[in-house]
1. Suppose R0 equals 22 Å; then what is the FRET efficiency for residue 76 and residue 48 from their Cβ-Cβ distance, rounded to the nearest 0.05?
2. Gain in length, residue 203 to residue 62, computed as 0.36 nm per residue apart minus the alpha-carbon separation, to one decimal in nm?
3. Determine the gain in length on full extension of the stretch residue 185-residue 13; use 0.36 nm per residue of separation and subtract their C-alpha separation, reporting nm with one decimal.
4. Given charges of +1 on the Cβ of Lys and Arg and -1 on the Cβ of Asp and Glu, with all other atoms neutral, how large is the dipole of the range 117-231 about its Cα centre, in debye to the nearest 20?
5. Please say if the range 117-231 is rounded, prolate or oblate, where rounded means a/c under 1.5 for a ≥ b ≥ c the square roots of the C-alpha gyration tensor eigenvalues, and otherwise the choice is prolate for a/b larger than b/c and oblate otherwise?
6. May I ask you to order 31-43, 54-66, 6-18 by the average number of other C-beta atoms within 10 Å around their residues, highest value first?
7. Under a plain spin-label model, where a point goes 7 Å from the Cα along Cα-to-Cβ, how far apart in nm are residue 155 and residue 118?
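Nothing in this text is a laboratory measurement; each read-out follows from the coordinates by a stated rule. Keep in mind the model is a prediction, meaning the values are calculated, not measured. Backbone-built Cβ (ideal geometry, glycine too); neighbour counts: all protein chains shown.
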Amino acid sequence: MIIINALLFLLTVLLWLFLILLLLLILVLIVPISYRVKGQIGQQTDVKVKAGWFFGLFRVLYESKHSTFAVKIAFFTVPERWLSPENFIKKDKSKDEDEDTVGFSMGFSDIKGLFTNLDIKSILSLGILLMKKLFKKIFPRRFIVRGVVGLSDPCATGQFIGFYEAVAHAIGLRHSIDLAGDFNQKVLNLDVNVRGRFAIASLLWPIIWFIFQKPVWDGLKMMKKKERVAA
């Protein structure tokens with residue numbers, strides 16, 4: 001009886017741990033990442049960037065005027081030395097040499113054969129669609145740019161403004177991007193106000209859609225097959 005009770009208790013604990021981990025995974029996927037960019041770009045550039053996740057538990061702050069960058073977890077500020085690029089690109093040369101001699105590697109002939117058998121045109125088209133889908137998910141809800149642009153040549157300024165008007169109308173951002181031309185001097189003064197949010201889950205569906213498209217899936221299977229043959 002004691003053993004049965006102990007097993008039931010252990011199963012209950014494991015079940016609760018599983019439910020907690022499942023809940024955390026769901027929160028990681030659905031809790032949105034919010035971001036905001038606000039400031040001025042030009043002769044006196046002063047831009048502030050803020051990004052937060054998990055109800056502000058994780059935050060990234062950047063300020064161009066004082067060149068400050070900080071990553072915060074709750075009330076803890078991650079030391080700058082931890083964020084040094086050297087911590088991410090440092091490699092163990094001896095390990096790399098071992099990996100070069102052992103494992104899967106594709107030579108030029110393998111790559112040429114792979115590209116010959118793949119439907120590159122379809123994969124590129126699907127890749128462009130994927131980028132559009134991801135961009136649509138990440139695109140800010142509030143996107144406002146106001147300012148004045150002047151080039152060294154008044155004629156060039158006029159051509160730029162005409163090109164901007166055509167492109168802005170074509171992509172439907174004329175109401176969000178409002179630029180005026182300065183034909184007397186070379187100048188760039190922009191007021192930027194960008195704010196948006198997106199969830200990781202919203203990015204997963206386009207990626208899964210892309211992977212399971214037949215040209216991409218066939219390419220992945222071919223690479224996997226070559227890896228097994230090489231091993």
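1. Efficiency computed from Cβ-Cβ geometry: 0.55.
2. 48.3 nm
3. Answer, rounded to one decimal: 54.8 nm.
4. Roughly 900 debye for the range 117-231.
5. prolate
6. Peptide ranking by packing, descending: 31-43, 54-66, 6-18.
7. 4.6
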